[in-house]
1. By how many degrees, between 0 and 90 and to the nearest 10, does the Cα long axis of helix B:17-35 differ from the longest principal axis of chain B?
2. Label B:LEU192 and A:LYS88 with points 7 Å out from Cα along Cα→Cβ: what is the distance between them in nm?
3. Normalised by the residues of the stretch A:67-145, what does the relative contact order come to in percent, with Cα pairs under 8 Å and at least six apart?
4. Could you give me the radius of gyration and the Dmax of the stretch B:2-489, taking only the C-alpha atoms into account and expressing both in angstrom?
5. Report the one residue of B:GLY314, B:TYR18, B:THR296 whose Cα lies farthest in the direction of the positive end of the charge dipole of the stretch B:2-489 (charges on C-beta: Lys and Arg +1, Asp and Glu -1; origin at the Cα centre).
6. If exposed means no more than 12 neighbouring beta carbons inside 10 Å and the site is in a DSSP loop, what's the longest run of chain B without any exposed trypsin sites (Lys or Arg not before Pro)?
7. Please list, in chain and number order, the residues 5+ apart from B:VAL186 or on another chain whose amide H is under 5 Å from its amide H, with Hs placed from the backbone.
8. What is the sum of charges around B:LEU458, taking Lys and Arg as +1, Asp and Glu as -1, for the other residues whose C-beta is under 14 Å from the C-beta of B:LEU458?
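Coordinate-derived values only; no laboratory data. Just so you know, these numbers come straight off a predicted model, no measurement behind them. Glycine also receives a Cβ, built like all others from the backbone with ideal geometry; neighbour counts cover every protein chain displayed.
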Amino acid sequence: MASDRIFGLVVLMVALAYIASATQIQTSFLADPVGPKAFPILVGALAAICALVLIVRPDPDPDWPAARTFGSLAIAVIVLVVYAYALKPLGFILPTAFAAAILSYQISPRAGPAALSGVGLSVGLFVLFKFALGLGLVAFPKGILG
Amino acid sequence: MDILANLSLGFSIALSPYTLMLAVIGCFLGTIIGALPGLGPSNGVAILIPLTFTMGLDATSALVLMTSVYYGAMYGGRISSILLNIPGDEPALMTTLDGYPMAKKGRAGDALVLSGVASFVGAFLATIGLMLLAPMLARVAYLFGPAEYFALYLLAFCTLGGMASNNQAKSAIASCLGLGIAMIGVDNNSGLPRLTGGNLHLMDGIDFLVAIVGLFAIAEVFFFIESHGKGSAIGVKLDKVTIPWKDIMATKWTMLRASLVGFIAGILPGAGASLGSFLAYMSEKSIAGKDGGFGTGAPKGIAAPEAGNNAAAGGALVPMLTLGVPGSGTTAVLLALLMTLNITPGPTLFTDRPEVVWGLIASLLIANVVLLLMNVPMVKIFVRVLQVPAWVLLPGVTMISFVGIYSLSGSYFDLILMVGFGALGYVLRKLDIPTVPVILGILLGGHMEDALRRAMVLSDGDGAFLFSSPIAIGLWIAAILGFVAPMFLRGLLRKPQRVTD
């Protein structure tokens, strides 16, 4: 019950904000009868109506995982975000090994296999992408190898 | 004899050694992708699109490769259904109902071969159907103006939304989410930015590939973290694989009927392969009656959903190629592929670029034969693939997704966006909100708005123009029915529960 109501409320807020920003869209002198505003406003309004329906008639709650699992999920998201930023400056091999190992540990909490799969995946995928598929990946940052 | 001439054109392209090699590679990869639990046709094809794009394949080759993967994944889905009782993808769910009990009786090999043959029959007949029907529909599609297209897009959202969730409001929210995202970026008509919030990265809009890979592949990783990769151990033994001629002969009419049902379900925009296998299984169950032994490992219960599922996969290509409206999640991903390759699906595709269409159809026929040959004698290899543990597989999938998206644009912003879509996908699926309408919205949003605006330009702002032709009115009625009818048919369409141990 509560999850659907909260979600409906979030959707309602987003939809209203969306409509509000859609009204700010600049129109050019080459206007067609509909213009660039109408369709986004229509979509936003439809979403808002559906959100109201959801708030009034919510479904039963899904099985949310325990707090610890949420911790793992949060760690996974943070790792992926950091990985996204690290990929360019630090090269492919090191960030990939770390990110893959941490993800692997989150799925099955055993340190040894997780570390192995991290290193294995990182080197294996690098060889695959670089030499079999010919993508222009950089293995290490330029500074280390001089 | 137009078809034969076109087909020979197609085979002249598809039988070149290079294309043939791509088809074989695609079939092999596809079967593996389909067999692995957690990877199905939609996310498997999705993570491969950016890679094919960066490999610089030309349009026909890329299309041949990816459709082979698509067909292969449809075949592969049955392997984990039968051996693990875990559907490798959504449409393979029905195969678990009889496949797993049969495997537990010690007939795993028979079940795998039988389902492979059924897949072949379904996919083969559907490809023939595609060959006959698509050019005809392409001719009808010439009659479609902007008003008809607008109604057609609406129909796709309504039927897909009606089928995909148990709550109409939720699937409508999903569609709106996709449409709303599609609006971000520079407006085609006026050339001015819309809804970007001043962010330069958003000026080009949000790449649909980023959203697809995030929603389908990255979200899957979060689900595996939640479940800790449990329940992926093979519980049944696979001994020698022989060909069960008796069962194949006994189920031949079942396969034919199921193929027909599946093909029709596949053609309906938005309905797709899941509906195909569901309807095929249920209709065979009612034909067989109580004594049919459905649910306890009946050969017909394996043949029907597999033939239906693969026939629907072929049928779903009909509206995708002729109208540009995908019939399922995976065809939505294939549509994304076409759009990435700068091919506009629609009636003009058949006249302007016959080599693409007929090369594709010919390679589907070839892929089918290759898949049958691969899946019967070599099934043991794919069974071994199932033993790849989730804690290696899922990080690998994540890293491949990152490299794929990164190689598209080289910007970290797209990667962050992808992770965001992954988290969104997790929350949406937890709340039983379907993610396929989101994808459909992002893919079709621009076209849908264009159709509406062009219709209004033609009629000088008269809204009644949208209902001015019989085709448009028919599509509007179908759309409303498609959205409302499932509310009343809920009890009838309820999916049977998975067999538990």
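1. 70
2. 3.1
3. Working: 73 pairs, mean separation 24.4, N = 79.
Averaging sequence separation for qualifying contacts and normalising by length gives 31 percent for the stretch A:67-145.
4. Every Cα atom of the stretch B:2-489 included, Rg and Dmax give 21.7, 71 Å.
5. My answer, from the dipole projection, is B:THR296.
6. Details: sites that count: B:LYS230, B:LYS237, B:LYS240, B:ARG490, B:ARG494.
Looking at chain B, B:241-489 is the longest stretch - no exposed trypsin sites (Lys or Arg not before Pro) with at most 12 other Cβ atoms within 10 Å.
7. Answer set, sorted by chain and number: B:ARG194, B:GLY205.
8. Details: positive: B:ARG453, B:ARG454; negative: A:ASP32, B:GLU148, B:ASP450, B:ASP460, B:ASP462.
It works out to a net charge of -3.
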